[in-house]
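Reviewing the structure listed below.
The values are calculated or read from the model by the stated rules, or taken from the named source; none is laboratory data. As the structure is a prediction and not an experimental result, all values here were calculated from the model. Note that each Cβ is placed from the backbone with ideal geometry, even for glycine, and that neighbours are counted across all protein chains shown. Accessible surface is based on the protein model in full, side chains and every heavy atom, while ligands, DNA and RNA are left aside. Shrake-Rupley method; radii C 1.70, N 1.55, O 1.52, S 1.80 Å.
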Amino acid sequence: MKFIRFIAENKEHTGIINKNNVINPLNQDYFKYDTDLLNIDYEKEVNKNKNYNFKDIKIIEPIKPSKIVCVGLNYIEHGEELEMELPDEPKLFLKPSTTIIGQEEKIDYPSMTKQVDYEGELAIIIGKKCKDIEVENSKDYIFGYTILNDVTARDLQSKDEQWTRAKSFDTFCPLGPLINTKLNPKNLNIKTEVNGLIKQDSNTSKMIFDVYELLSFISKIMTLNSGDIIATGTPKGVGPLSIGDTVEITIEDIGTLKNSI
Ligand code: MG
């Protein structure tokens, strides 16, 4: 199933994209912090008498997480381009939920930095609260997948020992446009374009730690709430954005996340 959040008739909705590429809203906007997303009967909750066309809505962020857990250096070739040693365990950091923006919203260029980079990534959406999950059970806690741009002030990342400042400016986490609950996360093409030029072109099969290993590892540190996001790292080809640029990240079976700076 493909889920989307949007504004129509001055109200926020969660909806399901049906076979005709038309959106049917759910009776409630469930995709807020800490709803058990895997325990909702969506067939019952969807209002099939109400249809919205894409041209009549504004897409907004597909989920409101309590936290975004990010993985650094999870593609071998990206580690090589940053000249960083490859990790033997996932390297983690957090982005605050206040960084999130939706489809076609603008990324700020803060005055504190002189280099703002894009990082195209596959994002996992947690489906129910979990802790201490083994790899073989990870699948049972995943609701679906979306696209995330882990925007980074690269100069500040190099300068600060901690990455918090470089990763946490408001608008530094474009997310969306939709959540797909049915796909194989281990073999998806992922591509980033800036002003139409291809900058990143890879496949999620090239991850060092796959999505199930990441969920298990993180859950042994912290409780993951329903709706939380795991950003699974970026492939090689990261680079800077200039004011006015448009960045588009495309992941197979999800779509294209588009933002300008
Ligand atoms: Mg990243």
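So here's what we get for this one:
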| read-out | value |
| --- | --- |
| Mean residue ellipticity (222 nm) of the chain, computed from DSSP H runs ≥ 4 via -39,500 (n - 2.57), nearest 500 | -2500 deg cm²/dmol |
| Computed over segment 188-261: relative contact order in percent, which uses C-alpha pairs under 8 Å that are six or more apart | 40 percent |
| Relative contact order [Cα under 8 Å, 6+ residues apart], the chain, whole percent | 26 percent |
| Amide N of segment 134-158 lying under 20 Å from the label point, which is placed 7 angstrom from the Cα of residue 43 along Cα→Cβ | 143-144 |
| Euclidean distance of C-alpha centroids, segment 1-79 and segment 204-261, integer Å | 17 Å |
| Heavy-atom accessible area per residue - segment 149-234, 1.4 Å, Å² | 37 Å² |
| Accessible surface of segment 64-143, 1.4 Å probe, proportion on carbon and sulfur as whole % | 44 percent |
| Cross-link reach list, aspartates and glutamates versus residue 167, counting only Cα pairs under 13 Å and skipping chain neighbours closer than eight places | 108, 117, 119, 150, 155 |
| Size of charge dipole - the chain - debye, nearest 20, with Cβ of Lys, Arg +1 and Asp, Glu -1, no other charges | 840 debye |
| Fully extended contour minus Cα-Cα distance, from residue 165 to residue 201, at 0.36 nm per residue | 10.2 nm |
| Label point distance in nm, residue 108-residue 12, each placed 7 Å from Cα along Cα→Cβ | 1.9 nm |
| Ordering of 14-22, 67-75 by packing [mean C-beta count within 10 Å, highest first] | 67-75, 14-22 |
| Eligible aspartates and glutamates near residue 32 by straight Cα distance, threshold 15 Å, same-chain separation 8 or greater | 12, 61, 228 |
| Of all accessible heavy-atom area on segment 152-261, the percent that carbon and sulfur account for (1.4 Å) | 47 percent |
| 23 Å Cα-Cα threshold exceeded, pairs from 19/128; 139/199; 58/236; 19/50 | 19/128; 139/199; 58/236 |
